[in-house]
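Written below as structure tokens is the structure these notes are about.
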Ligand SMILES: Cc1cc2nc3c(=O)[nH]c(=O)nc-3n(C[C@H](O)[C@H](O)[C@H](O)COP(=O)(O)OP(=O)(O)OC[C@H]3O[C@@H](n4cnc5c(N)ncnc54)[C@H](O)[C@@H]3O)c2cc1C
């Protein structure tokens, strides 16, 4: 059988496909990304880059670019609950501006407001900067066939209709909810299905910000005598806005009527687009069949309440990229490929679930006349209620790949209250905890592109390093002289994977170091 023409073919140039291309590109792995559209993105869906996704941006060197792309340092990121922009403020969840939030304890980066119309182009520019990455726009994957390890893909030029076939060793469908890859694989969906008929109204109005006394916030949620009906996001912090109607049930969409209801009066605006979309709760039953994988919205549809859609997909792309690279470079075993689904599917199902719950909590808020029961005259109670309506940022960093076949358990139990306690954990499977070094640098900045063995004391790292070298697993040793960080990590030797999750930890190099190395590279179970 002839060698495949492309090591990794990526279908879809949204944020998830682009992330995969970036992660493969920085490892020098050859890949081709095909995107059926022309690469221009005019409608913002995603608006918040999650904390974990910002941590990736940091390691790609684009965090500052993303942070300053559109939102000023001084605007707050508050959630304001109001009857209308010119009506009564019901409650406010205070989320400080970048300038005021200061360093965070659990991450070197906080969440960031950077809507997709600004974020995707930054990511695309980065992906295209790697010599091993080819990005082809106006190229649609129209069919695929897995021929015992080689994928035959038919690509069609979206303009001319001209067809070509190519072969790939791996194919990753990052082609969104209606993509061809999941359907071709026959992978079924779990989930409750359609939640609501939502509508996005994207509009321009420089005047809107001057109409009211609520100041700059990221979210304005509207609850009037008709109930909790929609929310508006400030897209550029100046004149671009997106109003989302949670559930439009009757007849034609009266965009002007909705904008008047939002403002509480007439005001000047220009409508840029009106898009009806079905808010859905779905998660694929599998993320892989043979050498074909799915990631992002191709694998799950998450209610955007809580900002977990892109977050989940980008984590998947980062999880998968180093595993494909390990196989292509020759030091990874096939269990790595199985581990993608074992690690990412439970996370995806969890995120779909909490997003749906959050959507129901927001839409079930009573009409404004009855809100005093929900938001009583007690600031603490109101704050607690407001936080319960959001998904805590901490959940988006401290997630653990439980029961992973490529992490070595250390016998410690998961703390079910991790999110509430904001307690970072270095249990194998967890995202490695953040900490600031005494020099002011972030520990994460010490992590290399491959595995990193953190050594917090004079524990013997020799056996593990020797086994890794012998087997060909790329690992860098990083000595950390910091008692506070050592306490967070609990044990003096911690092996961190290329995706920043803990693979193994111990008091010293294990007697069976080769077996540990083989497990984490997907060769054999411990
Ligand atoms: C209103 C709204 C607000 C949101 N807010 C947030 C938020 O704040 N934070 C967050 O994390 N997420 C948010 N999301 C979710 C986020 O937008 C999606 O999860 C994210 O865009 C998914 O990225 P993706 O790359 O998987 O898919 P997509 O962005 O859908 O990209 C898929 C790409 O594949 C291309 N494609 C499709 N089929 C083919 C084919 N056969 N061949 C080649 N190309 C193909 C498409 O043209 C498209 O460009 C929001 C979503 C909505 C609707």
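Structure summary
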| read-out | value |
| --- | --- |
| Residues within the range 244-275 that are surrounded by fewer than 17 Cβ atoms within 10 Å (Cβ to Cβ) and either touching a residue at least 40 places away in the same chain (Cβ under 8 Å) or within 16 Å of the ligand (Cβ to nearest atom) (or both), tallied | 11 |
| Helices (runs of 4 or more DSSP H) lying entirely in the range 399-503 (those with 3 or more residues that are in contact (Cβ under 8 Å) with a residue 40 or more places away in the chain, farther than 22 Å from residue 346 by Cα and more than 22 Å from the chain's Cα centre (by Cα)) | 462-471, 483-489 |
| Hits in the range 449-467 (condition: touching a helix residue (DSSP H, G or I) at 6+ places or on another chain (Cβ under 8 Å) and more than 30 Å from residue 22 (Cα to Cα)) | 456, 457, 463, 466 |
| Some residue of the range 326-334 being part of a helix (DSSP H, G or I), within 15 Å of the ligand (Cβ to nearest atom) and modelled with pLDDT of 95 or more | no |
| Contacts under 7 angstrom Cβ, first residue in the range 61-80 being under 27 Å from residue 127 (Cβ atoms), partner assigned to a strand (DSSP E or B), 6 or more apart | 66/49; 66/112; 67/112; 71/113 |
| So residue 119, is it near the ligand (Cβ under 10 Å from one of its atoms) and more than 25 Å from residue 164 (Cα to Cα) | yes |
| So residue 13, is it assigned to a loop (DSSP other than H, G, I, E, B) and within 11 Å of the ligand (Cβ to nearest atom) | yes |
| Residue within the range 34-43 that is touching a residue at least 60 places away in the same chain (Cβ under 8 Å), assigned to a strand (DSSP E or B), within 14 Å of the ligand (Cβ to nearest atom) and within 18 Å of residue 291 (Cβ to Cβ) present | yes |
| Residue match in the range 173-190 (condition: in a strand (DSSP E or B), modelled with pLDDT of 95 or more, in contact with a strand residue (DSSP E or B) (Cβ under 6 Å, 6 or more places away or on another chain) and more than 25 Å from residue 362 (Cβ to Cβ)) | yes |
| Which listed residue is free of Cβ contacts under 8 Å to residues at least 40 places away in the same chain and surrounded by fewer than 20 Cβ atoms within 10 Å (Cβ to Cβ), from 210, 134 | 210 |
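The values are calculated or read from the model by the stated rules, or taken from the named source; none is laboratory data. Source: prediction; values computed, not measured. When we count neighbours, we look across all protein chains shown, and the Cβ atoms used for this are built from the backbone with ideal geometry, even at glycine.
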